[in-house]
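The values are calculated or read from the model by the stated rules, or taken from the named source; none is laboratory data. No experiment lies behind these values; they were computed from the predicted model shown. Backbone-built Cβ (ideal geometry, glycine too); neighbour counts: all protein chains shown.
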């Protein structure tokens, strides 16, 4: 696509190519704040500093108008310098990608330079927020640049792939176009490479601003400012086996967005919304401070954890821990998804990542069991044993190895089999009632201290904020490997 | 392009909500499964016409079994 748009702040009426890196950086930053780090040259990369809602940040953009944005030695030096500058100044760094890979005429020197960009990203990992916005093709080496950063946003024309359609065709004979190979659907839903997909460049850059503000200026938590009283419990269905979408609950738990601050107004951004949707990971604000929310979503797979969702949550936990973002964990989970597919997919190995991520995290992290927490998934969802700061539960929550009826079928199999057929259901019902009384609900969990406090849904925002504010602020000393 | 919707887990088919020929939107519930003591809606992930429903109420589906086709 080569449509043209006018640069918003230029006096010069000449139309500017929408791929122009200076135009893109200018759109990213607050009006009039872009200052180039080095004068524009033929390197194919432009880097500068600017402000996002008044917060200093560093940005770089590959030049899609020159050799398709291919990366050479000089351009890669600019990117490395930009990242190093951001680390030195402790500000977020945002990369705008439109690059066909390494510059072929430069040979192995360009490969070495691209490798140095990767190394700079890993040095910066976990120290400053790194956000990538893929606006055009990001192929070959340029695919791994975004993939190494904390968050990848893809606009409608963004494409990420290691090898393009022509190579795929010549090697395997497979006919596939760029969009199917590496477009928003491929990476937003299938591969999990991309965290946020947007319809156009403008909304991609707006989302990048929101995320940079959430991660770069996290704010202070003020529990006294929390307006409670919304009955969050009304967002759950009355029947305990009924599915529901957890997203309205996440939305209402977080602060309502401020209006009119140019896309960096403290709204919330869901990451990986379509990939592994049975767990929801959202950055937003609670009592004025940035938090990361992890929530089981019963609408998808009954809210079960599986290999992909455990991996998604684990990466989110580690990112938040490295960047000092406290965690709120909303638990409504029937267990791990059973089945051959899951076992062969590595649910044990990938599920272990979530256990490791939570147990290792030092940021304040509070858990709320809204409805149920069963089995191994109970442990994985930031349980007391893994070091949760505080574990809350709503009054009707159930914390158990499994639901009462399933437990009775296992524990009393012989007794049930021995009962006369006409009495069997009555015996079963009595056993379930007894099992619920002894092992169900939340009382046993309270007794042994794995749940700290039962709270009403209408006091939840306030209590979560107080628990986070009371915990010592800390930040994990590790990078954010793209798990 | 046809979108095949497959079972993501072993489950019983509890309710068939949509019918062949229906216009469906992204997010619409097509079928409700039952597994893990939970009702699990099977949701359209694209919009189009429901051209095939491969399950009946009471069926048991295995992971990967075809449930519906949207075109």
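Of the set (1) assigned to a loop (DSSP other than H, G, I, E, B); (2) within 14 Å of another protein chain (Cβ to nearest Cβ); (3) on the phi < 0 side of the Ramachandran plot; (4) buried (at least 21 other Cβ atoms within 10 Å of the Cβ), all apply to residue A:309 but (1). Restricting attention to the range B:1-29, the residues that are part of a strand (DSSP E or B) and under 23 Å from residue A:246 (Cβ atoms) total 6.
Could you say which residue among B:47, B:63 is within 14 Å of chain A (Cβ to nearest Cβ) and touching a helix residue (DSSP H, G or I) at 6+ places or on another chain (Cβ under 8 Å)?
Values: B:47 fails: touching a helix residue (DSSP H, G or I) at 6+ places or on another chain (Cβ under 8 Å).
Checking each option against the conditions leaves just B:63.
Here's the yes/no breakdown for (1) at pLDDT 95 or above; (2) surrounded by fewer than 24 Cβ atoms within 10 Å (Cβ to Cβ); (3) within 14 Å of chain B (Cβ to nearest Cβ):
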| site | (1), (2), (3) |
| --- | --- |
| A:267 | no, yes, no |
| A:270 | yes, yes, no |
| A:277 | yes, yes, yes |
| A:285 | yes, yes, no |
| A:294 | yes, no, no |
| A:317 | yes, no, no |
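Working carefully through the options B:40, B:32, find the one that is within 14 Å of chain A (Cβ to nearest Cβ), part of a strand (DSSP E or B) and touching a helix residue (DSSP H, G or I) at 6+ places or on another chain (Cβ under 6 Å). Matching residue, one of B:40, B:32: B:40. Being on the phi > 0 side of the Ramachandran plot, surrounded by fewer than 23 Cβ atoms within 10 Å (Cβ to Cβ) and over 22 Å from the mean Cα position of the chain (by Cα): is that true of residue A:100 here? Considered against the rule, which asks whether it is on the phi > 0 side of the Ramachandran plot, surrounded by fewer than 23 Cβ atoms within 10 Å (Cβ to Cβ) and over 22 Å from the mean Cα position of the chain (by Cα), residue A:100 comes out as no. For the range A:319-365, give me each residue that is touching a helix residue (DSSP H, G or I) at 6+ places or on another chain (Cβ under 7 Å) and within 14 Å of another protein chain (Cβ to nearest Cβ). Passing the criteria: A:332, A:333, A:334, A:335, A:336, A:337, A:342, A:345, A:347. With respect to the conditions (1) modelled with pLDDT of 95 or more; (2) under 20 Å from residue A:461 (Cα atoms), residue A:310 lacks only one, and its number is (2).
Of the residues making up the range B:1-29, those that are surrounded by 14 or more Cβ atoms within 10 Å (Cβ to Cβ), more than 19 Å from residue B:61 (Cα to Cα) and more than 14 Å from every other protein chain (Cβ to nearest Cβ) are B:22, B:24. Restricting A:224, A:228 to residues that are over 19 Å from the mean Cα position of the chain (by Cα), assigned to a loop (DSSP other than H, G, I, E, B) and farther than 30 Å from residue A:31 by Cα narrows the list to A:228.
Screening the candidates B:4, B:71, B:34, B:8 for the property of being under 25 Å from residue A:405 (Cβ atoms) and modelled with pLDDT of 90 or more yields one hit, B:34.
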